[in-house]
Amino acid sequence: MADRSVFIVSDRTGITAEILSHSLLTQFPEVNFHTRALPFADSNEKVDDAVRQINEAGELDGARPLVFATFVTAELSDRVQSANGFFVDLFGTFLKPLEKELNAESSHTVGHSHGVVDPDRYTSRISAVHYAMDCDDGVSIDDYNRADLILVGVSRTGKTPVCLYLAIHFGLFCANYPLTEEDFADGELPELLRPFRRRLFGLTIDPLRLQQIRSERRPGSRYSDVQQCDYEIRQGQAVFSRHSIPFADTTQMSIEEIGTTILQRMQIRRELG
């Protein structure tokens, strides 16, 4: 497997460059990428240091590094491009065509994509995160009436991270409720969830994968026994089917894919902030 150095360089957080570069580089599984993030390169001195690191990595590797950059300051962008690397200007690639199409100049303001541009929307996302934490794992059920969404599933199917993802990125108020053996006794939906059935979305997973996850937490326990995992998954899916609760199998899905699936299936739309 070939090795290649990758640099993420930005005058702000570099999150945009990290996301886009990761999506591109996953298309080359035969290459072993070594990624180094250099955020907040917002001065000549910091950019010069980035150039130095890029050049040193190229000499060590014997191949020029890949450099993914998001600079809105043309001077700093040009300075980075003096490095001996394969340079991908993720902003410049798209901003110029957009300016031409919209017949308008971009603001060239640093940090707009991840800054607090809309204070009200930012505050809403913070409130959503607090809500997800307060209503995690069946806690604060009296506050379910405020929920945009309630995730349901047996323990360790990914409910908590998905709730936090939807809160952070979309400002959704997400609670989650863990299904247990007590809930399977009569095959009915837990009484406290019945008033919110239209807000429910189920998460399930392959029993063997669930057993692996649970074994990392409680190895050798009944909780992580494969037969117990299989029983809980079957019973949970039976509840979803019996009560027409939409659900998704998270076995091969990332948090982002699960979140997008939920938004699509539940027809929930929130603007990115």
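Quick notes on this structure:
- Within the range 206-223, tally of residues that are at pLDDT 95 or above and touching a helix residue (DSSP H, G or I) at 6+ places or on another chain (Cβ under 7 Å): 8
- Among the residues here, T35 qualifies as closer than 30 Å to H169 by Cα, touching a strand residue (DSSP E or B) at 6+ places or on another chain (Cβ under 7 Å) and hydroxyl-bearing (S, T, Y).
- Selection count, the range 241-258, where residues are surrounded by fewer than 22 Cβ atoms within 10 Å (Cβ to Cβ) and either in contact with a His (Cβ under 7 Å, 6 or more places away or on another chain) or assigned to a helix (DSSP H, G or I) (or both): 5
- Restricting the range 78-128 to residues that are under 28 Å from Q53 (Cβ atoms) and aliphatic (A, V, I, L, M), the residue that is modelled with the lowest pLDDT: V110
- Scanning the range 132-164 for residues that are of a type in the set (S, T, Y) and either outside the structural domain of A238 (by TED's automatic domain parsing) or more than 18 Å from T260 (Cα to Cα) (or both) returns S140, Y144, S155.
- Taking the range 37-77 as the range and being at pLDDT 95 or above, within 10 Å of S5 (Cβ to Cβ) and charged (D, E, K, R) as the test, the residues that pass are E56, R64.
- Tallying residues that are more than 14 Å from V152 (Cβ to Cβ) and either touching an Asp or Glu at 6+ places or on another chain (Cβ under 8 Å) or outside the structural domain of A147 (by TED's automatic domain parsing) (or both) within the range 211-245 yields 1.
- Only strands (runs of 3 or more DSSP E) whose full extent lies in the range 1-95 are considered here, and the ones with at least 3 residues that are on the phi < 0 side of the Ramachandran plot and without any contact (Cβ under 8 Å) to a residue 40 or more places away in the chain are 31-38, 86-89.
- Checking the range 87-102 against the condition returns a match, with at least one residue being acidic (D, E) and within 30 Å of E257 (Cβ to Cβ).
The values are calculated or read from the model by the stated rules, or taken from the named source; none is laboratory data. Only a predicted model underlies this, so the values are computations on that prediction, with no experimental measurement involved. All Cβ positions, even for glycine, are placed from backbone atoms using ideal geometry, and neighbour counts span all protein chains on display.
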